[in-house]
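So the structure is just underneath, and the comments pick up after that.
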């Protein structure tokens, strides 16, 4: 029998395993249905009695992504069937209370424990907490919270109607819940660290620039994501208009909300397929085409007043200590998963963008022939697919991370910034995207949910202890265990078979991408 905890909304009963108390499926906002559909989150309704918090809560409505390798011969079957195949979760009554969180604490009666809030990745199209177990953080004296939030059109529909970035506002609401309630679980609301990976890290980069998030966290860890990949208001409104066209309704929030979850997800899946099959920058906008992400944070001028990295350079988030980093082979994962790694040719890399979609180096702002020559000189044994993976890793992850660190290092009065690179190569994969996550959670075992199959038979437990310990140390007192980043030394902790601090390990990449967006 687990302990009971009294929150501002009511009493929760959790469970306890090996001395760790878990409270699962806890609502942090009202169900986003009815009048709340496609709108900013509203406060939780109080309950009477004792609410059971021993099982994971429902996930927000979402669509699993199609194969990002691009169009295939004979792939033009009825789009309703295709969209149905991508549906990832149940819908209907069970998804009503989808804005919920999971929490692990070593002792609800404690005081002043550091708090870590995880924001998971998923291309701004997925939001599931099932693979993230925070019990090892609790074991080490941290109150760990993992949150859901609305992805896809549910969270990032933009119609120019004064409502924007609902998915980010979900994250803000969850952080507000932490401020109000975490002391009841032993945590210190003044010592909150947000940490996240991929779209979760991009979310955090945006939260650093979001006025509504100011003061809600003291520290931040951005894993393979930074503060650069956002959508302009014009492109976002255009994408949302295409969604309304697929639904056969006016581009108005009430009209789109009225179609129901299943129809919206089906149209969203069709829109993603249309983007992958016809990646025309004139139709979608170059940022949408290059990322293949129609739903992501929008620079709307109000919720998000300007591009995040520009706001950060001007001082937004200056009171927050930051750890930011990437994996050595980040984007190689997606070329492996799609089967495209061995199919890429030099002609694809140097061809026109429209002919080869986002596989051309021109899509990343590079001069294709010159860039290919430079990357081949840098990686002489790499095949064309691996050269593309290196370019994509730099464009998506490494250069944004470096620019975020540089912006903070150059801004006076800004909190400490630390840089890392995760370099341990998983067997047959390399140090690919998300491979660091089980090391951060100290769950690096072959049977770990979601990540286990990537790790091989014997993932190094000493590395897991080192990485996890660095994150715990940073959450506790702001020091992960190596020197802060500055513009002179650019100290970077490289986690690998041998872990060590390296000064300025990526000068070549910084020089090549200088001045490019």
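Among 169-181, 137-149, what's the highest-first ranking by average C-beta atoms within 10 angstrom per residue? Can you show the working numbers first?
Numbers: 169-181: 22.7, 137-149: 25.7.
Descending mean neighbour count gives 137-149, 169-181.
Beyond 16 Å, how much of the Cα-Cα pair distribution for segment 154-194 remains, as a whole percent? Walk me through the intermediate numbers first.
Values: 383 of 820 pairs.
The share of Cα pairs beyond 16 Å in segment 154-194 comes to 47 percent.
Relative contact order (percent) for segment 184-228, with alpha-carbon contacts under 8 angstrom and 6 or more residues of separation?
Values: 63 pairs, mean separation 22.8, N = 45.
Result for segment 184-228 is 51 percent.
Going out from 0 in 10 Å bins, what whole percent of all Cα-Cα distances in segment 144-271 drops into each bin?
Over segment 144-271, the share of Cα pairs per 10 Å bin runs 12, 38, 29, 17, 4, 0 percent.
Need the C-alpha centroid separation for segment 188-246 versus segment 496-517, integer Å.
Rounded to whole Å, the Cα centres lie 24 Å apart.
Quick one: of the DSSP bridges fully inside the chain, what percent are antiparallel, nearest 5?
Values: 21 of 56 bridges.
Roughly 40 percent of the beta bridges in the chain run antiparallel, per DSSP.
Can you give the alpha-carbon Rg of segment 210-353 over 2.2 N^0.38 Å, where N counts its residues? Write down the numbers at each step before the final one.
Values: Rg = 18.4 Å, N = 144, 2.2 N^0.38 = 14.5 Å.
Cα-based Rg divided by the globular estimate yields 1.27.
For the chain, what is the mean residue ellipticity at 222 nm derived from helices alone (per DSSP H run of n ≥ 4: -39500 (n - 2.57); sum divided by total residues; nearest 500 deg cm²/dmol)? Show your work: numbers first, answer last.
Details: 20 runs with 173 residues, N = 517.
Computed mean residue ellipticity for the chain: -9500 deg cm²/dmol.
Given the Cα atoms of segment 394-517, and with Rh set as the inverse mean 1/r over their pairs in the Kirkwood sense, what is Rg to Rh to two decimals?
Result: Rg/Rh = 0.99.
On the first, second and third principal axes, largest extent first, how far apart are the outermost C-alpha atoms of segment 1-62 in Å?
Reported extents, whole Å, longest axis first: 40, 27, 14.
Kirkwood hydrodynamic radius, segment 220-269, all distinct C-alpha pairs: what's the number in Å? Let's see the in-between values first.
Numbers: mean 1/r = 0.0790 Å⁻¹.
After inverting the mean inverse Cα-Cα distance, the result is 12.7 Å.
For residue 6 and residue 477, what does the FRET efficiency come to when R0 = 22 Å and r is the distance between their Cβ atoms, rounded to the nearest 0.05? Numbers along the way, then the final one.
Working: r = 29 Å, r/R0 = 1.33.
For R0 = 22 Å, the calculated efficiency reads 0.15.
Residue separation times 0.36 nm, minus the C-alpha to C-alpha distance between residue 280 and residue 487: what's the value?
Values: separation 207, 0.36 × 207 = 74.52 nm, distance 3.86 nm.
So the chain would gain 70.7 nm between residue 280 and residue 487.
So if each residue of separation counts as 0.36 nm, and I subtract the Cα-Cα distance between residue 319 and residue 109, what length gain in nm does that give?
That works out to 72.7 nm of additional length.
Let a ≥ b ≥ c be the square roots of the eigenvalues of the Cα gyration tensor of segment 363-465; is it rounded (a/c under 1.5), or, if not, prolate (a/b larger than b/c) or oblate? Numbers along the way, then the final one.
Numbers: a/c = 2.77, a/b = 1.19, b/c = 2.32.
Oblate, because a/c is 1.5 or more while a/b does not exceed b/c.
Once Rh for segment 315-419 is found with the Kirkwood sum over Cα pairs, what is the Stokes-Einstein diffusion coefficient at 4 °C and 1.567 mPa s, in µm²/s?
Numbers: Rh = 15.1 Å.
The diffusion coefficient I find is 86 µm²/s.
Do you know the relative contact order of segment 367-517, to the nearest whole percent, from alpha carbon pairs under 8 angstrom that are 6+ apart? Could you put the intermediate results ahead of the total?
Numbers: 163 pairs, mean separation 32.4, N = 151.
RCO, segment 367-517: 21 percent.
Under the definition of Cα pairs under 8 Å and six or more residues apart, what whole-number percent is the relative contact order of the chain? All intermediate terms of the calculation are to be shown ahead of the outcome.
Details: 1108 pairs, mean separation 67.1, N = 517.
The normalised contact order for the chain reaches 13 percent.
Can you pull the one-decimal nm distance between simple spin-label points at residue 35 and residue 461, each 7 Å off the Cα toward Cβ?
5.6
Along each of its three principal axes, how wide is the spread of alpha-carbon positions in the chain, in whole angstrom units, largest first?
Principal axes ranked by extent give 66, 57, 47 Å for the Cα atoms.
Along each principal axis of its Cα atoms, how long is segment 313-353 end to end? Whole angstroms, biggest number first, please.
The principal-axis extents, from largest down, are 47, 24, 14 Å.
Quick one: Debye curve from the C-alpha atoms of segment 261-307, no solvent, what's log10 I(q)/I(0) at q = 0.15 Å⁻¹?
-0.49
Which length gain, in nm to one decimal place, applies between residue 510 and residue 345 when the Cα-Cα distance is subtracted from 0.36 nm times their residue separation? Intermediate results must be reported in sequence, preceding the final value.
Values: separation 165, 0.36 × 165 = 59.40 nm, distance 2.54 nm.
Between residue 510 and residue 345, full extension yields an extra 56.9 nm.
Once the convex hull of the C-alpha atoms of segment 121-179 is built, how many Å³ does it hold per residue, rounded to a whole number? Spell out each step's value before the answer.
On the way: hull volume 4.6 nm³, N = 59.
Dividing the Cα hull volume of segment 121-179 by its residue count gives 78 Å³.
Pop a pseudo-label 7 angstrom from the Cα along the beta-carbon direction at both residue 130 and residue 96 and give the gap in nm to one decimal.
It is 2.3 nm.
In whole angstrom, how far apart do the alpha carbon centroids of segment 127-185 and segment 417-437 sit?
Going from one Cα centre to the other spans 24 Å.
A short reminder: the numbers here are calculations on the coordinates, not readings from a lab. Being a predicted model, the structure only gives us computed values, none of them experimental. Note that we place each Cβ from the backbone using ideal geometry, even for glycine, and neighbour counts take in every protein chain shown.
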